[in-house]
1. Answer with yes or no whether residue B:71 is within 30 Å of residue A:63 (Cα to Cα), out of contact with any Cys (no Cβ under 6 Å at 6 or more places or on another chain) and among the β-branched types (Val, Ile, Thr).
2. What number of residues within the stretch B:143-175 are among the polar types (S, T, N, Q), farther than 30 Å from residue B:91 by Cα and more than 7 Å from chain A (Cβ to nearest Cβ)?
3. Identify, by number, the condition in (1) among the acidic types (Asp, Glu); (2) free of Cβ contacts under 8 Å to residues at least 60 places away in the same chain; (3) over 16 Å from residue B:123 (Cβ atoms) that residue A:162 doesn't meet.
4. Consider the stretch A:285-322. How many of its residues are closer than 28 Å to residue A:267 by Cα and of a type in the set (Asp, Glu)?
5. Within the stretch A:276-285, how many residues turn out to be in a helix (DSSP H, G or I), more than 19 Å from residue A:236 (Cα to Cα) and either in contact (Cβ under 8 Å) with a residue 24 or more places away in the chain or not polar (S, T, N, Q) (or both)?
6. On the given criteria, is residue A:240 out of contact with any strand residue (DSSP E or B) (no Cβ under 9 Å at 6 or more places or on another chain), modelled with pLDDT under 95 and of a type in the set (Asp, Glu)?
7. Considering each of A:233, A:273 in turn, give the residue that is touching a Ser or Thr at 6+ places or on another chain (Cβ under 8 Å), part of a helix (DSSP H, G or I) and at pLDDT 95 or above.
8. With (1) exposed (fewer than 14 other Cβ atoms within 10 Å of the Cβ); (2) touching a helix residue (DSSP H, G or I) at 6+ places or on another chain (Cβ under 9 Å) as the list, and residue B:238 as the residue in question, which single condition is left unmet?
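The values are calculated or read from the model by the stated rules, or taken from the named source; none is laboratory data. Fair warning: this is a prediction, and the values are worked out from it, not measured in the lab. Don't worry about glycine lacking a Cβ; one is built from the backbone with ideal geometry, like all the others, and counts go over all protein chains shown.
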Protein chains: 2
Amino acid sequence: MDMPETASRWTVQQGLKVTYPPVTCIRERGNAVSVKYGAEGGVCAALDQLYLPLQCRSHDVFLMMTDLLFTEKDLVTSLKDYIKAEESKLEQVKQWAEKLDSLTLTATQDPEGFLGHPVNAFKLMKRLNTEWGDLENLVLKDMSQRFISNLTILRQNFPNKDDETGAAKALLRLQDTYKLDTHSISTGNLPGVDQGKLPYKSTMTVEDCFELGKVAYSESDYHHTELWMAQALRQLDEGEETEVDAAAVLDYLSYSVYQQGDLETALDYTRRLLLLDPDHQRANGNLKYFEYQLAKRREAEEGEKAKEDGMREEGRAESLSR
Amino acid sequence: MDMPETASRWTVQQGLKVTYPPVTCIRERGNAVSVKYGAEGGVCAALDQLYLPLQCRSHDVFLMMTDLLFTEKDLVTSLKDYIKAEESKLEQVKQWAEKLDSLTLTATQDPEGFLGHPVNAFKLMKRLNTEWGDLENLVLKDMSQRFISNLTILRQNFPNKDDETGAAKALLRLQDTYKLDTHSISTGNLPGVDQGKLPYKSTMTVEDCFELGKVAYSESDYHHTELWMAQALRQLDEGEETEVDAAAVLDYLSYSVYQQGDLETALDYTRRLLLLDPDHQRANGNLKYFEYQLAKRREAEEGEKAKEDGMREEGRAESLSR
């Protein structure tokens, strides 16, 4: 994926430059077949229509998405079968481990006494030549084959990267059209929820918000990047458990506010990032760059002010000399 | 492995013949390197010495076997680490399954209502394009690598098939030398246990007895085959849980008693086998053969008796006519 267009506008200044976080939003599945839910026509259009009355919605897209819900339900059933099989296998392994744990503990405390019983010696030979091999086969037994095979078949009709990006963009458009704030969307409190028009309230995780922010970022849409990264950060600050790294969120945040001209806030976010990760290379570079730019701006402002003051003084002196 | 020598003595008689269970006792490990515990010199000799006073035992073999006990203890530790890792992975999969289970249940009950919430639609796309793939990676993650690698390294010094067979044969010799019955050996009640000379009483499973019986069978030692298969059957009858098939035990039993000339008992065991497995091909053949042999023997005995009676009658008539 290319870097956002705006990036090319930034060149080296005084050996300092601003660098931007990578544009790596939605991953492509290895075996994605085709865009079935169409970034331009399908899900996105459907999402755009979601607030329209039922009769105006695209019937085909809803049917397709309904099919996906049932497909997903089948997958969950298959996954539960796998879990049962894996648990049963693990239970067998655990029983063996428990038996051997107490046996080897006894045996190693008094090897001579233990091996003095001829049956123990025979059973040791049998365990080492045969039974550990049987256990190895059990451990190596793949219980996931059926589930993986089901997933492989069913995912041929799954939406792909473009569909996911399309759905994200549609959500961003919806946000603008209905002037929704990120917090309301993320907590599922959309207009209509209270009146029962949207019976299935759905909340967004830090990861969902981060994903939306990255989609906006990949479109060089720094306004929405800021909104969704800030929402992700808010949920992180509230203690939500996630695998998303706060430093990564701050990285996108500082760059997106910088792109909107807010140097001070960009500097604040960068400083916060460096508290979390003092060795963050890009943040260290950006910190210097932002400080340099701010100093330059202040200098220019002071120069401007001094010039204005000088002109004012000059004007006053002139009027006095008249 | 060759068939037992005695097998060649049996030829087709009247279209009927007795067939014997396969000689497949102890399995060879794929990567067995060498006979370290020596069927002739090592473990077997050590087992033969087990009832000798301590100072007479082979010190080297005991050191080797003690090493094996500690190696086995290390393996158990490695196995427990694998179990922990696998449990933690499975816990993650279960959490996902539980979340998706309740989600898909709600969604499929009212697809239109569910998809009416734009966040649900976006999250469905995200799950199907990205998250199911992440779950797949988790399911396919191999947690056993370290344990399998440890096992592969450590087993290079494990005893092999010959050592296991050797230990089994030594136990059979010990049984003869000390005139021990199979039940006492199997329940670990060897002479010396009560006096504290053998502090670590060890019991034998059905599988252990079956294995010993098969070793004896592979040596055409039908006496010990019968003893150990009968012990295996006894423990099966007592309800011990095992993967050993009672039909297989009866198969060896009937053939070994037949080889010792006890046709009636061979027939009884064969009938019992056929109750468990009416389609057992060899048992069906042997049943006919044993019945035929018994009928022939009875016929011969009756002929013999008639001949004797005839001679007696003749003698009496002769003495009367004198």
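1. Criteria not met by residue B:71.
2. Start the filter on the stretch B:143-175 by keeping residues that are among the polar types (S, T, N, Q), which leaves B:144-145, B:149-150, B:152, B:156-157, B:160, B:165, B:175.
Imposing the further condition that a residue be farther than 30 Å from residue B:91 by Cα reduces the set to B:156-157, B:160, B:165, B:175.
Subsequent filtering for residues that are more than 7 Å from chain A (Cβ to nearest Cβ) retains B:156-157, B:165, B:175.
The number of residues fulfilling the criteria is 4.
3. For residue A:162, the exception is condition (2).
4. The qualifying residues number 5.
5. Taking the stretch A:276-285 first, the residues in a helix (DSSP H, G or I) are A:276, A:281-285.
Within this subset, residues satisfying the condition of being more than 19 Å from residue A:236 (Cα to Cα) are A:281-285.
With either in contact (Cβ under 8 Å) with a residue 24 or more places away in the chain or not polar (S, T, N, Q) (or both) added as a condition, the list becomes A:282-283, A:285.
Of the residues in the stretch A:276-285, 3 are in a helix (DSSP H, G or I), more than 19 Å from residue A:236 (Cα to Cα) and either in contact (Cβ under 8 Å) with a residue 24 or more places away in the chain or not polar (S, T, N, Q) (or both).
6. no
7. The conditions single out A:273.
8. Every listed condition holds for residue B:238 apart from (2).
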